[in-house]
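Only one structure is covered here, and it is reproduced in the block below.
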Amino acid sequence: MSDAISQEEMEARIAAMPDSDKFNWRTSIVDLMKMVGLDPSFANRKELAGELGMEGYSGTAEENINLHHAVLNLLAAEGGKVGGMLKD
């Protein structure tokens with residue numbers, strides 16, 4: 001049985017977190033990572049992007065948008081828990 005939830009439910013869970021209104025997590029990969037307790041440093045984002053198959057990550061706006069969507073999808077697939085490759 002899968003623990004997966006919809007992306008909409010994942011976003012609702014993040015929105016319900018304390019101080020969620022102080023972060024631009026809906027569009028910012030850095031703020032999203034901060035909200036779920038991940039290190040948002042460039043090095044960590046680059047490593048995560050590589051693990052997700054995004055080769056040559058340089059932190060462009062387009063790459064960050066793609067990484068943002070991928071992280072939301074991974075969180076939803078993990079039932080809203082930071083696990084798997086996000087936790088490494």
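The values are calculated or read from the model by the stated rules, or taken from the named source; none is laboratory data. A quick note: this is a predicted structure, and the numbers were derived from the prediction, not measured. Cβ sites come from the backbone with ideal geometry, for glycine too, and all protein chains shown count toward neighbours.
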* Structure fact -> Checked pairs for the stretch 72-88, first modelled with pLDDT under 75, second assigned to a helix (DSSP H, G or I) and among the acidic types (Asp, Glu), C-beta under 7 Å and 6 or more apart or across chains, list as 85/51
* Residue list for the stretch 1-20, filter: surrounded by 11 or more Cβ atoms within 10 Å (Cβ to Cβ) and of a type in the set (A, V, I, L, M, F, W, C) -> 4, 5, 10, 12, 14, 15, 17
* Does at least one position in the stretch 62-81 carry a residue that is assigned to a helix (DSSP H, G or I) and among the basic types (Lys, Arg)? -> no
* Among 54, 35, 10, which is without any contact (Cβ under 8 Å) to a residue 24 or more places away in the chain and in contact with a Leu (Cβ under 7 Å, 6 or more places away or on another chain)? -> 54
* In the stretch 21-36, which residues are touching a helix residue (DSSP H, G or I) at 6+ places or on another chain (Cβ under 6 Å) and either surrounded by fewer than 17 Cβ atoms within 10 Å (Cβ to Cβ) or within 13 Å of residue 78 (Cβ to Cβ) (or both)? -> 23, 24
